[in-house]
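Report on one structure; see the data block that follows.
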Amino acid sequence: MTHTTKRAARLFSLAILLLVVRAASAAPSEVSYTVALASPEQHLVDVQMILPAGSADRELQLPVWNALYQVRDFAQYINWIRAKDRAGKPLPLDESNDSRWHLQGAANGAIVEYQIYTDSPGPFGAQLNPHHAFLNLAQILIYEVDARNAPLTLHFSHVPADWHIATPLKSSADGFSAENYDRLVDSPVELGTFQESDFDEAGGHFRVIIDADPADYDMPKIVDHLHKIVAAAISWMNDRPFDTYTFFYHFPRGPGGGGMEHAYSTAIELSAASIKESLYPLDAVTAHEFFHLWNVKRIRPKTLEPVDYTKENFTRALWFSEGVTSTAEQTIQLRAGLINEEQYLGEIAEQITELERRPAHLTQSAEDSSMDAWLEGYGYYRRPDRSISYYNKGELLGMMLDLAIRDSSHGRASLRELLQWMNDNYAKKGRYFEDSKGVLEAADAVTHADLSSFFARYVSGTDEIPWNDFLRSVGLRVEAINATVADPGFIASRNFDGPMLVTSVTAGSDAEHAGLQVGDAIVELQGKPGGQESREEMQRLTPGDTLTVKVRSRRSGERELKWKVGSRQEITYQVKDLDQVTSDQRARRAAWLKGEAQN
Ligand SMILES: [Zn+2]
């Protein structure tokens with residue numbers, strides 16, 4: 001304890017010296033940030049931003065969102081902010097709105113300093129604690145609006161002596177640099193005592209950064225899976241638009257889950273328990289986030305470019321950018337040999353069941369669900385009768401579009417050709433595609449056919465998808481099975497980092513009689529903390545089981561409720577062989593499962 005304090009004091013004086021030297025040396029030519037990990041116990045970061053000489057008046061902005069399609073108002077965490085000139089004289093800095101400041105008198109440059117609280121765990125957040133720091137830089141770094149496209153440098157100070165730094169950013173003399181703010185904040189930073197490995201594959205260099213208890217994972221095994229995933233994805237796209245790519249993993253003990261894509265890296269969080277038995281959850285999210293380096297980061301909808309950090313960035317393309325990335329996630333795992341045909345067909349069946357179970361599939365289109373992404377933080381919006389998921393329907397649309405492309409091109413093209421066409425005609429040319437219209441353009445180009453009715457009916461429309469019409473060409477059909485399933489009498493869901501919230505309670509159910517109310521937060525379910533894992537806990541229930549739930553609400557406080565799990569009839573779907581599968585259908589299926597065109 002004493003040792004750490006002394007070291008911290010020494011580091012502190014060194015940092016002061018560095019800051020003074022930097023501030024007083026020759027006028028800087030670019031914006032430079034120093035992020036001081038000032039007090040990990042309090043989760044406080046001190047940021048110093050040095051602005052070069054230029055306009056006297058400047059607009060400064062902290063993003064209101066990043067990573068998740070949710071406005072999170074990062075400015076809520078700024079404790080104080082002030083500005084001074086290079087001689088230390090205070091400069092006027094006025095709030096234009098809650099996330100924006102107007103700086104005056106900055107003609108000779110300025111120094112802006114602020115303190116920000118960082119304790120948002122997971123791949124979408126910024127967190128400093130005594131164990132480590134993981135930083136989504138958009139959450140903590142203010143940018144100068146007119147200099148957003150100019151180069152920047154980033155330095156860290158007060159870094160504990162035994163911590164290392166990992167980031168895809170380019171290292172410079174005493175820190176890191178980026179060609180512009182967008183690139184800077186697309187580069188997460190991990191500081192801590194993580195484990196690191198690296199490997200080469202398909203001409204690229206890969207770094208693996210894991211912050212977790214070494215007892216909870218097997219590095220060589222993970223690296224082996226990563227080899228397979230990146231090789232499968234790169235060969236599928238026939239492209240590798242990077243030299244080095246970094247995987248960041250966190251495996252917390254306790255709830256956790258999520259992945260965030262970046263152009264040159266990904267940050268993934270999985271609970272240690274979820275990867276204990278099998279690496280399947282890691283393979284799936286890794287294949288998904290890795291494929292994003294093409295789809296969304298480079299094959300990018302016009303509606304997301306340039307990013308508007310000041311408010312919601314509405315787009316109709318998430319069914320493609322997210323959903324079809326999930327389609328690719330499956331194909332990559334198949335090509336990598338990490339899943340087999342049975343698992344792939346099981347995934348389709350599960351996704352169909354999920355979509356058909358939500359009454360909103362008849363009222364909300366895939367495009368509307370993309371537009372409404374910004375509502376996902378609200379419990380009511382997540383109800384099955386209010387919304388569908390663009391991940392869910394988008395993944396299925398990707399699979400059906402693949403079959404439709406194969407069909408209308410007589411096996412000469414597939415989803416792979418569509419994605420490669422978009423990569424060649426948009427990504428590589430620095431152009432952005434026009435949401436669904438851009439995808440249709442690509443589909444028409446690779447098939448030499450007109451696929452507009454597919455888009456009108458299933459992408460912008462809410463027609464029921466005729467699964468069997470699509471699956472027949474590969475000798476498959478969907479079978480609806482009416483089964484008696486456990487019915488706990490309520491539906492709960494959660495925002496990415498929020499509590500599990502009850503969003504509906506079945507009228508007349510035992511859950512209602514026990515006193516469960518809409519809006520209750522589930523603290524514990526069957527003795528386990530409510531969270532990501534509760535979903536699996538719920539799936540294990542059988543009719544007649546006693547369900548014990550600890551809930552909390554503003555009205556009724558914390559209480560424990562018990563009731564008997566009921567039952568209801570539910571349709572689940574299975575994907576099966578047709579009674580007679582022809583050799584043509586078999587050949588088409590083999591090509592489909594490889595993710596390749598037939599001829
Ligand atoms: Zn995604």
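Numbers below:
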item: Carbon plus sulfur fraction of accessible area for the range 444-591, probe 1.4 Å, in percent; result: 46 percent
item: Electrostatic dipole magnitude of the range 185-339 [Cβ: Lys, Arg +1; Asp, Glu -1; Cα centre; debye, to 20]; result: 520 debye
item: Hydrodynamic radius of the range 247-362 per Kirkwood, over alpha carbon pairs, in Å; result: 15.8 Å
item: Built amide H within the under 5 Å cut-off of ASP487, gap 5+; result: GLY566, SER567, ARG568
item: Ordering of 491-497, 317-323, 54-60, 289-295 by packing [mean C-beta count within 10 Å, highest first]; result: 317-323, 289-295, 491-497, 54-60
item: The chain - Rg (one decimal) and Dmax (whole number), Cα, Å; result: 25.8, 84
item: Heavy-atom accessible area order for ARG552, ARG477, largest first, 1.4 Å probe; result: ARG552, ARG477
item: Rounded to 10°, Cα long-axis angle of helix 390-408 versus longest principal axis of the chain; result: 60 degrees
item: Heavy-atom accessible area per residue - the chain, 1.4 Å, Å²; result: 42 Å²
item: Dipole in debye (nearest 20) - the chain, about Cα centre, beta carbon charges: Lys, Arg +1; Asp, Glu -1; result: 660 debye
item: Low-density loop positions, GluC sites (Glu not before Pro), the range 453-554 - DSSP coil, at most 12 other Cβ in 10 Å; result: GLU464
item: Extreme residue, positive dipole direction of the chain, given options ALA173, THR503, MET422 (C-beta unit charges); result: ALA173
item: Nearest-ten-degree value, helix 280-291 long axis tilted from longest Cα axis of the chain; result: 70 degrees
item: Per-residue SASA entry for ARG357, accessible area with 1.4 Å probe, Å² rounded to 10; result: 120 Å²
item: Helix 435-447 axis, angle to the chain major axis (alpha carbon atoms, nearest 10°); result: 50 degrees
item: Accessible area, probe 1.4 Å, largest first, for residues GLU441, GLU329, GLU95; result: GLU95, GLU441, GLU329
item: Set of aspartates and glutamates near LYS228 by C-alpha distance (under 15 Å), chain-local residues within fewer than 8 positions excluded; result: ASP198, ASP200, GLU201, ASP283, GLU289, GLU329
item: Rg(Cα)/(2.2 N^0.38 Å) for the range 268-331, N = residue count; result: 1.34
item: Neighbourhood charge, 11 Å Cβ-Cβ cut-off, centred on PHE490 and excluding it, Lys, Arg +1 and Asp, Glu -1; result: -4
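The values are calculated or read from the model by the stated rules, or taken from the named source; none is laboratory data. It should be emphasised that the depicted structure is a prediction, and the values quoted were computed from it without experimental measurement. No Cβ is skipped: glycine too gets one built from the backbone with ideal geometry, and neighbour counts run over all protein chains shown. For accessibility, only protein heavy atoms count, side chains too; no ligands or nucleic acids. Shrake-Rupley method; radii C 1.70, N 1.55, O 1.52, S 1.80 Å.
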